[in-house]
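Here's the structure, in structure tokens; my notes come after.
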């Protein structure tokens with residue numbers, strides 16, 4: 001007999017609640033499997049157990065990243081002050097929002113977390129959960145939001161690629177940023193050529209924008225947003241561009257490593273004014289666009305996980 005995903009999330013939440021209450025959020029995979037089997041009993045199929053296990057494993061492996069993002073989204077509520085149930089509902093919802101977005105649409109992840117809050121927590125918890133996850137979703141640039149509205153519009157789509165570039169220098173991790181004319185620090189990226197592989201395009205645009213060669217280490221995230229077209233080159237050839245022409249930009253972001261050498265801004269790029277390395281302890285003070293903050297957080301986590309001195 002199979003249980004539905006909503007009930008499976010409820011079981012995952014109960015397990016999280018118990019582990020957190022006992023300060024034991026780091027079970028090995030086999031112990032986690034046994035705990036899930038005990039909770040689901042005869043009502044779950046192997047596929048149900050797999051869904052719950054994948055979700056709990058994601059939360060365990062990325063707990064530091066999840067907690068950091070929650071803390072940034074709700075600065076007036078220190079993580080330890082959030083009640084145990086709400087804290088784990090947020091972790092569960094955010095894990096689906098960030099790391100299972102191909103399987104679970106963002107709106108579904110948020111709605112399911114809200115329902116969990118209504119069913120398992122206090123009378124006002126669902127509003128709190130909705131506020132925090134909604135804030136994070138907006139900071140992510142509302143990925144996949146345009147998938148629905150695109151069916152009703154004829155916006156041109158511009159595919160771009162770029163990355164979070166890091167280096168190691170004097171036993172510190174540094175990240176490379178470019179500063180635009182609006183005084184925001186952002187990630188190097190640019191338009192893909194027709195038929196160009198996204199990884200090849202990312203390497204090319206990073207080299208063009210900040211002047212260094214890099215090696216791609218991992219895929220981070222894709223981001224879609226609506227913007228004003230800067231020029232006719234951003235639209236299909238032969239199409240007239242109106243002053244208020246909108247365009248849908250779809251960006252593929254990668255994690256890339258480079259040598260810690262001076263950055264050289266692309267001379268012909270009139271939209272950028274500076275390129276610079278920043279150590280991790282300097283990132284907090286930078287003026288960043290909200291939609292790249294989760295990408296940076298994910299990249300920093302991957303650097304820490306994959307780097308072995």
| message | For segment 52-70, check the following and say yes or no: at least one residue is touching a helix residue (DSSP H, G or I) at 6+ places or on another chain (Cβ under 9 Å), free of Cβ contacts under 8 Å to residues at least 40 places away in the same chain, farther than 19 Å from residue 139 by Cβ and not in a helix (DSSP H, G or I). | response | no
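What number of residues within segment 115-131 are buried (at least 19 other Cβ atoms within 10 Å of the Cβ) and without any contact (Cβ under 8 Å) to a residue 24 or more places away in the chain?
Count: 1.
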| field | Within segment 184-203, considering residues that are part of a loop (DSSP other than H, G, I, E, B) and on the phi < 0 side of the Ramachandran plot, the one surrounded by the fewest Cβ atoms within 10 Å (Cβ to Cβ) | value | 194
| With 206, 247, 292 as the choices, which residue is assigned by TED's automatic domain parsing to the domain that holds residue 190, modelled with pLDDT of 95 or more and surrounded by 17 or more Cβ atoms within 10 Å (Cβ to Cβ)? | 206
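Residues checked against (1) surrounded by 18 or more Cβ atoms within 10 Å (Cβ to Cβ); (2) touching a helix residue (DSSP H, G or I) at 6+ places or on another chain (Cβ under 6 Å); (3) at pLDDT below 90; (4) under 16 Å from residue 265 (Cα atoms):
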position	(1), (2), (3), (4)
155	no, no, yes, no
166	yes, yes, no, no
169	no, no, no, no
172	no, no, no, no
176	yes, yes, no, yes
181	no, no, yes, yes
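The values are calculated or read from the model by the stated rules, or taken from the named source; none is laboratory data. What you see is a predicted model, and the numbers here were worked out from it, not measured in a lab. Cβ: placed from backbone, ideal geometry, glycine included. Neighbour counts: every protein chain shown.
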